[in-house]
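Accompanying notes for the structure given below.
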Amino acid sequence: MSKLLCSSHLNVLHRRSFSAILLNSPFPIQCCRFSSHLIAFEPQIAFSKRRVLLQSFSSKIHQRDLSARAFESSSETKEESQKDAETSDESEAKSVDDNGSLTGSKDDYPSGEFEFKEISGWKSFVVKLRMLFAFPWERVRKGSVLSMKLRGQISEQLKSRFSSGLSLPKICENLVKAAYDPRISGIYLHIEALNCGWGKVEEIRRHILEFRKSGKFIVGYVPACGEKEYYLACACEELYVPPSAYFALYGLTVQASFLGGVFEKVGIEPQVQRIGKYKSAGDQLMRKNMSKENCEMLTALLDNIYGNWLDKVSSTKGKSRQEIENFINEGVYQVERLKQEGWITDIHYDDEVISMLKEKLGVKKEKNLPTVDYKKYSGVRKWTLGLSGGREKIAVIRASGSISRVRSPLNSSGIIGEQFIDKIRSVRESKRYKAVIIRIDSPGGDALASDLMWREIRLLAASKPVIASMSDVAASGGYYMAMAAGTIVAENLSLTGSIGVVTGKFNLGKLYEMIGFNKDIISRGKYAELTAAEQRPFRPDEAELFAKSAQNAYMQFRDKAAFSRSMTVDQMEEVAQGRVWTGKDAASRGLVDAIGGFSRAVAIAKQKANIPQDKQVSLVEMSRPSPSLPEILSGVGNSILGVDRTVKELLQDLTSSDGVQARMDGIMLERLEKASFANPIFALIKDYLGSL
């Protein structure tokens, strides 16, 4: 062996169980460890612009009469959920209608659909007065075009004035403001490669279509385009591309990677206990190919998302679904064909489109097109345009990222359980708020933190209406939080569910033998070496304890889900087993109440709080951002002190995996797909393989 193992690598071998695992492959896998044994909730697969997941099957559920009771104990959960189901009417399969409402549901939820009403009369005068005396950063030249570039990551969280990057709440707010702002003539939208889920894309697309109701123009420009980008772009009134545009509308794929062969070569034996037939984490660690169950789930997911894409695009372009599918199957890449077939408006460079906009607005050729960019327009308050100021207040709590219980030096982002609970309690104790919306975008994380937040949300729901609104992902620990709310709203393609666990450890005995490493343990207590002795496999009694522990964790999660959703344990078992669902499929199975975005969540919150739908309310953000010093310096042009986002978030993933995990592993952003040194164990493996 030409390379020696460094001490830091040997220290990794002392770890008690799994750490986050990353390979230089298109599919990163992540498992999670905790001090006594490992429980990682149902992992799934990362998907990019042409990589997708999920499944659907028919099942019958009882109609629910959702209670606001807080959970008292795991034993009461099963008994009360059984009673609720026994006293309910005969169960009927629910389906989702065109408006995203559940047929067969007891609740008739408002759609929250945007209705443009032109500002006139006294209110128009007040708005003009406010714009006249607006702060300098809120002033916009009359006749301006709002220019926004959508590319890369899109955050669910609000961002401070000094933060870079795109924020979904600000994108949607800017589209609403631009519809009413008399100074804005239209929107010029640049769309490039997006690094976000289908839930956010659906939300933005909905706001683009709603903006068009104002009668103002919205023009799209797409230099490079895949399915996700076109899904947004086709909602624009006009769509232009340069002659050299790269279009890759070839369809969607789903991929799964397996580490069984790698572990076999380096002498690592994963000892995994699977609970539920859809436990793909065990497959990814132990198998060399896809299991029948996993293939079934991923195939159904692919059909679900691809079918939605075909339906929405065909509806927007006025073509039949078969026409769209036939065009995709031709493998067309020439932009001339795209123009001929009506997929784009015309072929022009950016400067030519700008010249066309100048002509449309009557701007002289030698003059610059008056524009306002995303960042500046984000500083325009809704109050200035008369779009806020209602007396009734609804609190908005945003929960985005991986879940951890406490803040650590390297884990300052994501959902920090302690901080989230403080916000929940402050809202519960306040009489200012008539209702609460919890916006969730999380694949899960620490199970203890998830359970503690679940309890606090249940207590909050006992005092005022609580609506959970799902973004891209609200699965495993994310669903744990959502199921405590009185009503759950999800996008058609939100990823949710993932009620399940998998447990195991690595047996590194053969690896130790190959590299000449030894480890002796002196212990007291029958199970003291349960996770400390990674140099040997489980004893039969240890394996039995491990399996029982995992089963217990799964039953607690499943039973609380059944209680929260007023279902029997047997009914919940049918849709649990670690399975991830799209929002639409989850709605038809009782895991979600309504299909829609944030605006529908607001409408339902009004309904539950007995606030008229036409009455304006004030949405109070409880998660306002506070800029850090690097962000402020970055905001004024200093990029030297900026910390690389990818490295920082990788470190966060590594340091936040302590404790029982309620995580939908594998739902990780594309930034990780080429990271080969994210975990020291695999740095060790790479060193070893490189020495052979």
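Bear in mind these aren't lab numbers, they're just calculated from the coordinates by the rules spelled out. Just so it is clear, the model here is predicted, and its values are computed rather than measured. Note: ideal-geometry Cβ built from the backbone for every residue, glycine included; neighbour counts use all protein chains shown.
Classify segment 478-518 from the C-alpha gyration tensor, please: rounded if a/c falls under 1.5, else prolate or oblate depending on whether a/b exceeds b/c.
Prolate.
7 Å from Cα along Cα→Cβ at both residue 209 and residue 570: what's the point-to-point distance in nm?
Using points 7 Å along Cα→Cβ, the separation is 4.0 nm.
For residue 462 and residue 610, compute 0.36 nm times the residue count separating them, minus their Cα-Cα distance, and round to one decimal in nm.
This chain segment gains 51.7 nm when fully extended.
Using a 10 Å cut-off on Cβ atoms, rank the peptides 144-152, 510-518 from the highest mean neighbour count down.
144-152, 510-518
Roughly how far apart, in whole Å, are the Cα centres of segment 302-368 and segment 518-580?
So the two Cα centres are separated by 51 Å.
Scan segment 513-618 for trypsin sites (Lys or Arg not before Pro) in coil per DSSP, keeping those whose Cβ has at most 15 other Cβ atoms within 10 Å, and list them by number.
Answer in residue order: 519, 524, 526, 615.
Given 0.36 nm per residue, what is the gain on full extension from residue 620 to residue 322 after removing their alpha carbon distance, in nm?
Gain on stretching residue 620 to residue 322: 102.7 nm.
Classify segment 379-534 from the C-alpha gyration tensor, please: rounded if a/c falls under 1.5, else prolate or oblate depending on whether a/b exceeds b/c.
The shape class here is prolate.
Which FRET efficiency, nearest 0.05, do residue 139 and residue 359 yield, Cβ-Cβ r, R0 41 Å?
For R0 = 41 Å, the calculated efficiency reads 0.95.
Could you list which residues have their amide H under 5 Å from that of residue 153, counting only those 5 or more apart in sequence or on another chain, with H placed in the peptide plane?
So residue 153 has HN proximity to 195.
How big is segment 287-396 along each principal axis, measuring the range of its Cα positions in Å and listing the largest first?
The Cα atoms of segment 287-396 stretch 60, 50, 32 Å along the principal axes, largest first.
³J(HN,Hα) across segment 390-406 via Karplus (A = 6.51, B = -1.76, C = 1.60, θ = phi - 60°), whole Hz, x for Gly/Pro?
Rounded to whole hertz, the list is x, 6, 6, 10, 10, 7, 10, 10, 9, 10, 10, x, 6, 8, 9, 7, 10.
Taking 7 Å along the Cα-to-C-beta vector as the label spot, tell me the residue 341-residue 192 distance in nanometres, rounded to one decimal.
2.6 nm
How large is ³J(HN,Hα) for each residue in segment 145-155, as worked out from phi by the Karplus curve 6.51 cos²θ - 1.76 cosθ + 1.60 (θ = phi - 60°), to whole Hz, x for Gly and Pro?
Going residue by residue, I get 10, 6, 10, 10, 10, 9, 6, x, 6, 10, 7 Hz, with x marking Gly and Pro.
Once the piece of chain linking residue 113 and residue 125 is laid out straight, how much longer is it, given 0.36 nm per residue of separation minus the C-alpha distance between them?
Extra length available between residue 113 and residue 125 comes to 1.6 nm.
Just grab the label-to-label distance for residue 333 and residue 277, each label 7 Å out from Cα along the Cβ direction, in nm (one decimal).
For the pair residue 333/residue 277, the computed spacing is 4.1 nm.
Can you list residues from other chains, or at least 5 along the same chain, whose modelled amide H is less than 5 Å from the amide H of residue 217?
Excluding prolines and chain starts, which carry no amide H, the hits are 187.
Does segment 179-257 classify as rounded, prolate or oblate by the C-alpha gyration tensor (a ≥ b ≥ c root eigenvalues; a/c under 1.5 gives rounded; else a/b over b/c gives prolate, otherwise oblate)?
Oblate shape, in that a/c is at least 1.5 and b/c is the bigger or equal ratio.
Would you grab the residues whose amide H sits under 5 Å from the one on residue 437? Only those 5+ places off in sequence or on another chain, please, with H modelled 1.01 Å from N.
Here the answer is 395, 396, 397, 467, since their amide H atoms fall under 5 Å of that of residue 437.
Suppose R0 equals 45 Å; then what is the FRET efficiency for residue 371 and residue 303 from their Cβ-Cβ distance, rounded to the nearest 0.05?
0.60
I'd like to compare 487-499, 351-363: which one has the highest average count of other Cβ atoms within 10 Å, and what's the full order after that?
Highest to lowest by the protection proxy: 487-499, 351-363.
Need the C-alpha centroid separation for segment 482-500 versus segment 131-209, integer Å.
27 Å
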